[in-house]
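Asks: First the structure, then my questions, so here it is.
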Amino acid sequence: MNTLQGKVAIITGAARGQGEAEARLFASEGAQVVLTDILVEQGAVVAADIGPAARFIRHDVSSEADWSRVVAETLAIFGRIDILINNAAISGAFKLEHTEPEVFDRLYRVNQFGVYLGMRAVLDAMKSVGGGCIINTSSVAGTKGTSTLFPYAATKWAVRGMTKAAALELARYGIRVNAIIPGVIDTAILNDTPPNMAEALVRGTPLRRLGNVDEIAAAALYLASSAASFTTGTDLVVDGGMSL
């Protein structure tokens, strides 16, 4: 349908899961996409499969230097940046009393600090083309209390707060900033949860099933498209009713 014709998107954590689905959908809608990840072989295969509209760049989202390089390479290849999806994240089931400082720091640096670095890194490029769209991936764990995901939930709550603050600040540049709130999605990140947790989470979801990556990609497409041109600072919840 060419909904994103002429647009250039950077999508982090795009070697698999939600990021891969977003990259494939965005390319099918006319965008040129830069997929980034630390999973080099997988990311390169996905980009090659998408075709000439896609490039893969190895990228540690917790590194400011890596962000500078990704932005520079994107501009060198495609000439502009219109869309950023901060999708990369890591998880882990830890209660507060069992969360050592190094564990908290590891999740913080990828899930929260990486989002900060990404938003900051693309600002000049987006301002130069008169605006843009930033989509930050939070989680249903960032909307309610949880007794088993303390550091993960902390970072995902923070992503929502940063999204709203950035939306207010960047509106004057024509840059929209929104968050997607996935529920329990059928991705590899479920492998980091304790046995039987996925089943328990499904039982706590009114629609009684896992979500799939294409449903998250569809939400991202809406937010990136002109259909959402008056939407900023919002949480788009895609969780099967789990947060109700």
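The values are calculated or read from the model by the stated rules, or taken from the named source; none is laboratory data. Note that the structure is predicted; figures quoted are calculated from it, not measured. FYI the Cβ positions are ideal-geometry reconstructions off the backbone, even for glycines, and counts take in every protein chain you see. Areas reflect the complete protein model, heavy atoms only, side chains present, ligands, DNA and RNA absent. Shrake-Rupley method; radii C 1.70, N 1.55, O 1.52, S 1.80 Å.
Asks: Looking at the structure I just gave you, is K164 basic (K, R), assigned to a helix (DSSP H, G or I), open to solvent by less than 10 Å² (accessible area, probe 1.4 Å) and closer than 21 Å to I135 by Cβ? Give the derivation first.
Replies: Values: basic (K, R): yes; assigned to a helix (DSSP H, G or I): yes; open to solvent by less than 10 Å² (accessible area, probe 1.4 Å): no; closer than 21 Å to I135 by Cβ: yes.
When the stated conditions are applied, K164 does not pass them.
Asks: Next question, about the same structure. Considering each residue of region 76-134, count those that are open to solvent by 70 Å² or more (accessible area, probe 1.4 Å), over 17 Å from K7 (Cβ atoms) and not in a helix (DSSP H, G or I), and give that number.
Replies: 2
Asks: Run down L244, L223 and say which single residue is open to solvent by 10 Å² or more (accessible area, probe 1.4 Å) and either within 16 Å of E22 (Cβ to Cβ) or not in a strand (DSSP E or B) (or both).
Replies: Values: L223 fails: open to solvent by 10 Å² or more (accessible area, probe 1.4 Å).
Being open to solvent by 10 Å² or more (accessible area, probe 1.4 Å) and either within 16 Å of E22 (Cβ to Cβ) or not in a strand (DSSP E or B) (or both) holds for just one of L244, L223, which is L244.
Asks: Against the definition (buried (at least 18 other Cβ atoms within 10 Å of the Cβ) and out of contact with any Lys or Arg (no Cβ under 6 Å at 6 or more places or on another chain)), how does R172 come out, yes or no? Don't jump to the end; show me each part of the working.
Replies: Working: buried (at least 18 other Cβ atoms within 10 Å of the Cβ): no; out of contact with any Lys or Arg (no Cβ under 6 Å at 6 or more places or on another chain): yes.
Here the answer is no, as R172 does not meet what is asked.
Asks: Which number in (1) open to solvent by 40 Å² or more (accessible area, probe 1.4 Å); (2) over 30 Å from V8 (Cβ atoms) marks the one condition that L236 misses?
Replies: Status for L236: all satisfied but (2).
Asks: Got a sec? Which of V184, V213 is within 17 Å of the chain's Cα centre (by Cα), surrounded by 17 or more Cβ atoms within 10 Å (Cβ to Cβ), within 23 Å of E20 (Cβ to Cβ) and modelled with pLDDT under 95? Reasoning before the result, please.
Replies: On the way: V213 fails: modelled with pLDDT under 95.
After ruling out the rest, the residue left standing is V184.
Asks: Follow-up. How many of the residues making up region 13-45 are more than 13 Å from I85 (Cβ to Cβ), buried (at least 23 other Cβ atoms within 10 Å of the Cβ) and among the aliphatic types (A, V, I, L, M)?
Replies: The number of residues fulfilling the criteria is 1.
Asks: Which residues, counting only those in region 124-154, are touching a Ser or Thr at 6+ places or on another chain (Cβ under 7 Å) and in contact (Cβ under 8 Å) with a residue 40 or more places away in the chain? It would help to see each step written out before you state the result.
Replies: Applying the first criterion (touching a Ser or Thr at 6+ places or on another chain (Cβ under 7 Å)) to region 124-154 yields 136, 140, 143-144, 150-153.
Residues satisfying the conditions are N136, V140, T143, K144, F150, P151, Y152.
Asks: Same structure, new question: Could you list all residues from region 135-161 that are charged (D, E, K, R), at pLDDT 95 or above and open to solvent by 20 Å² or more (accessible area, probe 1.4 Å)? If you could, list the steps in order and put the result at the bottom.
Replies: Here is the first cut: in region 135-161, the ones charged (D, E, K, R) are 144, 156, 160.
Those left that are additionally at pLDDT 95 or above: 156, 160.
Result: R160, single match.
Asks: Here is a follow-up. Any idea which residue in region 193-210 is farthest from I181 (Cα to Cα), counting only those that are surrounded by 12 or more Cβ atoms within 10 Å (Cβ to Cβ) and polar (S, T, N, Q)?
Replies: It comes out as T193.
Asks: Take region 35-61 and flag every residue that is in a strand (DSSP E or B), within 21 Å of A179 (Cβ to Cβ) and either of a type outside the set (D, E, K, R) or without any contact (Cβ under 8 Å) to a residue 24 or more places away in the chain (or both).
Replies: Applying the first criterion (in a strand (DSSP E or B)) to region 35-61 yields 35-37, 54-58.
Going one step further and asking which of them are within 21 Å of A179 (Cβ to Cβ), we end up with 35-37.
Residues satisfying the conditions are L35, T36.
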